[in-house]
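These notes concern the structure reproduced below.
Bear in mind that the values in this text are calculations on the coordinates, not laboratory data. Since the structure is predicted, the reported quantities are computational estimates derived from the model, not experimental observations. Don't worry about glycine lacking a Cβ; one is built from the backbone with ideal geometry, like all the others, and counts go over all protein chains shown.
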Ligand SMILES: [Zn+2]
């Protein structure tokens, strides 16, 4: 993910990937969804949806990073079983 962001010229966002902390997991309940929140901004501030950067890493699934005021606030992960499994293991769901 970090490499993909760098490849797309999103250096400032790529730098944050290492320090990301999952603060909440998407609760939409879709079986293909493994999205998670990483920022302090809670759901209620959803209106502040910022810039969206879709990762074009050529891999399976779709990863879209929501950047609010230059910070990663939400990572939308769709159709990526690996991530889903990782979240399950964290007991986050
Ligand atoms: Zn979801």
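Over the chain, what is the relative contact order in percent, taking alpha-carbon pairs closer than 8 angstrom and at least six residues apart?
Relative contact order for the chain comes out at 27 percent.
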Can you compute the modelled spin-label distance between residue 78 and residue 32, with each label point 7 Å from Cα toward Cβ, in nm? 0.7
By the gyration tensor of its Cα atoms, with a ≥ b ≥ c the square roots of the eigenvalues, what is the shape of segment 54-93: rounded for a/c under 1.5, prolate for a/b over b/c, or oblate? oblate
Fully extended contour minus Cα-Cα distance, from residue 3 to residue 24, at 0.36 nm per residue: 5.2 nm
Taking a ≥ b ≥ c as the square roots of the eigenvalues of the Cα gyration tensor, with a/c under 1.5 meaning rounded and otherwise prolate when a/b exceeds b/c and oblate if not, the chain is oblate
Say each of residue 71 and residue 12 gets a label point 7 Å from the Cα, pointing the same way as Cα to Cβ; how far apart are those two points in nm? 1.4
